[in-house]
Amino acid sequence: MFARLADALDPRHDVIDTMDLLVQAAVRHTAAVEAGIVLADMEGTLHVVGSTSERTSDVEEMELGIEQGPCLDSYRMGMVVDTPDLNEARQRWPEFVQIAEQRGFRAGYAVPLTLRGQHLGAVNLFFDRVHGFTDQDAAVAQALAQFATIGIIQRRALADRADRASQLQHALDSRVVIEQAKGALAFQRNVPIDEAFTLLRGHARSTGTRLHDVAEQIVNQRIDI
């Protein structure tokens, strides 16, 4: 997996594909049931750029909307936010805890994407039981966060400020197209959104094509998968 991630750090790879690989690795190699990644734009506003499911995206988007939760705190402080029991954090994040528990999450582990004082975003792992993760899970999460940070820094080092803003906008635009393609596939195949994304991701990987490009072809009805 780390070898695949190293390949994904190539600047020619799309950042959306790299972030998707990272969240998939997080749930495959830890006890987390879901994972998500948020990145900050040039103004410091966070955006969801990777998630393993719709419920994760919903929770992350709501967390950013209400401006409370572990991922947000991890980004702001540049520190790991370990929440082995979300219920015990109810006083700290009352709205977030209610939202997360309604989605079936009981614990969380947020790791900042930070390097030399630069706060780029955060990786958030979700668990369906309290005290459900180990020191090994924490180590894997932090290693994945370091990979994500290196990849983002590497891309930003190759561009000036205007280009960096353009790259993030491209990532956000790609997410929009991917969401449209997921909806189209779900309708065509009469399957849940998560299953539609699995089909989309599987086709992209089997053909060596970027997620954005496959999604664009689906939206424009140029391919049928």
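Any residue in segment 162-183 that is charged (D, E, K, R), farther than 20 Å from Leu21 by Cα and at pLDDT below 90? I'd like the intermediate steps shown before the answer.
Residues of segment 162-183 charged (D, E, K, R): 163-164, 173, 175, 179, 182.
Subset that is farther than 20 Å from Leu21 by Cα: 163-164.
Going one step further and asking which of them are at pLDDT below 90, we end up with 163-164.
Yes - at least one qualifying residue is present in segment 162-183.
Restrict the check to segment 109-126 and report whether at least one residue is out of contact with any Cys (no Cβ under 9 Å at 6 or more places or on another chain), touching a residue at least 40 places away in the same chain (Cβ under 8 Å) and more than 22 Å from Gln146 (Cβ to Cβ). No, segment 109-126 contains no residue that is out of contact with any Cys (no Cβ under 9 Å at 6 or more places or on another chain), touching a residue at least 40 places away in the same chain (Cβ under 8 Å) and more than 22 Å from Gln146 (Cβ to Cβ). All conditions but one from (1) buried (at least 18 other Cβ atoms within 10 Å of the Cβ); (2) in contact with a Lys or Arg (Cβ under 6 Å, 6 or more places away or on another chain); (3) at pLDDT below 90 apply to Phe197; the one that does not is (3).
If I filter segment 50-65 for residues that are out of contact with any Asp or Glu (no Cβ under 9 Å at 6 or more places or on another chain), among the hydroxyl-bearing types (Ser, Thr, Tyr), crowded, with 21+ Cβ neighbours inside 10 Å and under 22 Å from Gln169 (Cβ atoms), do I get at least one hit? No, segment 50-65 contains no residue that is out of contact with any Asp or Glu (no Cβ under 9 Å at 6 or more places or on another chain), among the hydroxyl-bearing types (Ser, Thr, Tyr), crowded, with 21+ Cβ neighbours inside 10 Å and under 22 Å from Gln169 (Cβ atoms).
Inside segment 178-194, can you point out the residues that are surrounded by fewer than 20 Cβ atoms within 10 Å (Cβ to Cβ) and in a helix (DSSP H, G or I)? Within segment 178-194, Glu179, Gln180, Gly183, Ala184, Ala186, Phe187, Gln188, Arg189, Ile193, Asp194 qualify.
Where strands (runs of 3 or more DSSP E) fall entirely within segment 17-107, those with at least 1 residues that are at pLDDT 95 or above, within 18 Å of Thr198 (Cβ to Cβ) and within 17 Å of the chain's Cα centre (by Cα) are at 34-40.
The values are calculated or read from the model by the stated rules, or taken from the named source; none is laboratory data. Bear in mind that the values here come from a model prediction, so they are computed numbers and not experimental data. Quick reminder, even Gly has a Cβ in these numbers, built from the backbone with ideal geometry, and neighbours come from all protein chains shown.
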